[in-house]
Amino acid sequence: MIWYPYAQMKTLDAPLKIVRAEGVHLYTEDGHDLIDSVSSWWSVIHGYSHPEINAAISGQLEKFAHVMLGGLTHEPVQKLSDKLAEWLPGDLDYCFFSDSGSVAVEVALKMALQFNTNRGSGRDTILALEHAYHGDTFKAMEVGDDEDYHFAFGSSGEKKRGVVHIPTEIPALEKAFAEYGDRLTCIIVEPLLQGAGGMRMYDVSFLERARQLCNEYDVLLIFDEVATGFGRTGNRFVSDLVLPDILVLGKALTGGYIGHAVTVANKRVWDGFISDDPTHALMHGPTFMGNALACSAALKSIELFEREDYMLKIRRIEEITKREMAGFSDPRVREVRIMGGCVCIEVTDAKTLDGFRKFAYERGVFSRPFLKYMYAMVPYVISEGELVTVLDVMKEWFT
């Protein structure tokens, strides 16, 4: 029996069985052709079965699929680390690989905590955002702030000692630093776009002020760009706008082909672990970190992103979305939000969306709304006609 995610197994609707996927299309066992409007949880930016990524993985598979990074290394992981160091802004040059976004967030938090321990600091508090989602492992849940996912910590937050949550408002940010600044190890944010917390969007000025305060109070700034990276906000990375000390990437890193992630630190953080004292080493090591197949897919994915000007594709997606959603309103809709490759229709009552998934399926679109949020995060290779179909289905539900 498969235990499916985010679902009560007793009442779960039968999942759609996919027998083939190509481009932006999913083909079901019962003969349906569906446009994937959510890119398999926002990761499949190049679409499915891309011939060049397929070839990159096949070529590596002929050599070997995986070797551990403990005492060993290989060309794909070295090339990917070099490429990321060249490609990312500032001195984000030091790559620690892992096998999922949640684990990469755990690594980032562990880095920040141990960075302070290594320098003899007694700091013990993390600043995070309200409505944050950083993954489902335990430290990632601690810095998250969504009872729908993290109720295991208790509704009163008594199991989240050492974590302070604030809204994305500059006065709240400044107040938190004034109150906790000498105790803060780091602040972690999903920059500009909070995904699973409801596709909430906020202004870059908040991040700019966070960077200033981190410099002033000697606090590390962590950007969780697992969902926002690789153009989803309309920026290549939000880190291009405001430079963090630690950056977390996942999802689209491999073009959605293989689970893989990376936690990238700047030189200051790296230097905090370089010592003759063995206890200052980062004692962490996911079995499949730096997987050769995943690194090969990531290298080809980045090459495609650069060569085919994906930022232009994303700007076009945003333009079409704004054009098609202009003038749309309904009494049941609280707000329509658009940013880069993301559009969200937030309703006032979650029951309004009951049945939409089946409605979309019957019209050739795979959609997976959650709570009060109907959204699309399409693959960047989507055609204008396919994108308009997705947006029309979303609007048609209300008419």
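The values are calculated or read from the model by the stated rules, or taken from the named source; none is laboratory data. None of the values given here were measured: they were computed from a predicted structure. Methodologically, a virtual Cβ is constructed for each residue, glycine included, from the backbone with ideal geometry; neighbour enumeration extends over all protein chains shown.
When you look at L220, is it at positive phi, hydrophobic (A, V, I, L, M, F, W, C) and either at pLDDT 95 or above or assigned by TED's automatic domain parsing to the domain that holds E142 (or both), yes or no? Steps first, answer last, please.
Working: at positive phi: no; hydrophobic (A, V, I, L, M, F, W, C): yes; either at pLDDT 95 or above or assigned by TED's automatic domain parsing to the domain that holds E142 (or both): yes.
When the stated conditions are applied, L220 does not pass them.
Answer with yes or no whether F328 is assigned by TED's automatic domain parsing to the domain that holds Y257, surrounded by fewer than 21 Cβ atoms within 10 Å (Cβ to Cβ) and modelled with pLDDT of 95 or more. Let's see the steps before the verdict.
Details: assigned by TED's automatic domain parsing to the domain that holds Y257: no; surrounded by fewer than 21 Cβ atoms within 10 Å (Cβ to Cβ): yes; modelled with pLDDT of 95 or more: yes.
Criteria not met by F328.
In contact with a Leu (Cβ under 8 Å, 6 or more places away or on another chain), over 15 Å from L84 (Cβ atoms) and assigned to a helix (DSSP H, G or I): is that true of L293 in this structure?
Working: in contact with a Leu (Cβ under 8 Å, 6 or more places away or on another chain): yes; over 15 Å from L84 (Cβ atoms): yes; assigned to a helix (DSSP H, G or I): yes.
Yes, satisfied.
Determine whether L26 is among the hydrophobic types (A, V, I, L, M, F, W, C), in contact with a Leu (Cβ under 8 Å, 6 or more places away or on another chain) and not assigned by TED's automatic domain parsing to the domain that holds G101.
On the way: among the hydrophobic types (A, V, I, L, M, F, W, C): yes; in contact with a Leu (Cβ under 8 Å, 6 or more places away or on another chain): yes; not assigned by TED's automatic domain parsing to the domain that holds G101: yes.
Spelling it out, L26 is indeed among the hydrophobic types (A, V, I, L, M, F, W, C), in contact with a Leu (Cβ under 8 Å, 6 or more places away or on another chain) and not assigned by TED's automatic domain parsing to the domain that holds G101.
Please find, among A55, A85, A104, the residue that is part of a helix (DSSP H, G or I), buried (at least 16 other Cβ atoms within 10 Å of the Cβ) and either out of contact with any Asp or Glu (no Cβ under 7 Å at 6 or more places or on another chain) or modelled with pLDDT of 95 or more (or both). Explain how you work it out, then say what you get.
Values: A55 fails: buried (at least 16 other Cβ atoms within 10 Å of the Cβ); A85 fails: buried (at least 16 other Cβ atoms within 10 Å of the Cβ).
From the options A55, A85, A104, the qualifying one is A104.
Inspect the range 123-133 for any residue being within 17 Å of V164 (Cα to Cα), part of a helix (DSSP H, G or I) and under 21 Å from the mean Cα position of the chain (by Cα) and give the result as yes or no. It would help to see each step written out before you state the result.
Of all residues in the range 123-133, those within 17 Å of V164 (Cα to Cα) come to 123-133.
Next, from what is left, pick out any that are part of a helix (DSSP H, G or I): none.
No, the conditions are met nowhere in the range 123-133.
Can we say L299 is buried (at least 16 other Cβ atoms within 10 Å of the Cβ), out of contact with any Gly (no Cβ under 6 Å at 6 or more places or on another chain) and under 18 Å from A65 (Cα atoms)?
Numbers: buried (at least 16 other Cβ atoms within 10 Å of the Cβ): yes; out of contact with any Gly (no Cβ under 6 Å at 6 or more places or on another chain): yes; under 18 Å from A65 (Cα atoms): yes.
The answer is yes for L299.
Would a scan of the range 243-252 turn up a residue that is over 30 Å from N116 (Cα atoms) and of a type outside the set (K, R)?
Pass one, the range 243-252, residues over 30 Å from N116 (Cα atoms): 252.
Then keep just the ones that are of a type outside the set (K, R); that gives 252.
Yes, the range 243-252 contains at least one residue that is over 30 Å from N116 (Cα atoms) and of a type outside the set (K, R).
Does V219 count as farther than 16 Å from H131 by Cβ and touching a residue at least 24 places away in the same chain (Cβ under 8 Å)?
yes
Examine the range 34-51 for a residue that is over 15 Å from T254 (Cβ atoms) and without any contact (Cβ under 8 Å) to a residue 24 or more places away in the chain, and state whether such a residue exists.
Checking the range 34-51: at least one residue is over 15 Å from T254 (Cβ atoms) and without any contact (Cβ under 8 Å) to a residue 24 or more places away in the chain.
Looking at the range 110-127, which of the residues that are surrounded by fewer than 24 Cβ atoms within 10 Å (Cβ to Cβ) and not polar (S, T, N, Q) is nearest to K251 (Cα to Cα)? Before you say what the answer is, go through the steps one by one.
Here is the first cut: in the range 110-127, the residues surrounded by fewer than 24 Cβ atoms within 10 Å (Cβ to Cβ) are 110, 113-114, 116-125.
With not polar (S, T, N, Q) added as a condition, the list becomes 110, 113, 119-120, 122-124.
Details: K110: 21, L113: 25, R119: 33, G120: 35, G122: 34, R123: 31, D124: 30 Å.
Of everything passing the filter in the range 110-127, K110 is nearest to K251 (Cα to Cα).
In the range 173-232, which residues are of a type in the set (D, E) and either surrounded by 24 or more Cβ atoms within 10 Å (Cβ to Cβ) or part of a loop (DSSP other than H, G, I, E, B) (or both)?
Within the range 173-232, the subset of a type in the set (D, E) is 174, 179, 182, 190, 203, 208, 216, 218, 224-225.
The answer is E190, D203, D218, D224, E225.
Out of the residues in the range 331-350 that are among the basic types (K, R) and assigned to a strand (DSSP E or B), state the one that is surrounded by the most Cβ atoms within 10 Å (Cβ to Cβ).
Taking the range 331-350 first, the residues among the basic types (K, R) are 332, 334, 337.
Narrowing further to those that are assigned to a strand (DSSP E or B): 334, 337.
Numbers: R334: 13, R337: 18.
Step by step, filter the range 331-350, then rank; the result is R337.
Against the definition (assigned by TED's automatic domain parsing to the domain that holds D203, at pLDDT 95 or above and buried (at least 19 other Cβ atoms within 10 Å of the Cβ)), how does A360 come out, yes or no?
So A360 does not fit the description; no.
Which condition from (1) assigned to a helix (DSSP H, G or I); (2) under 30 Å from L193 (Cβ atoms); (3) assigned by TED's automatic domain parsing to the domain that holds V143 is the one that S40 breaks?
Unmet condition: (3).
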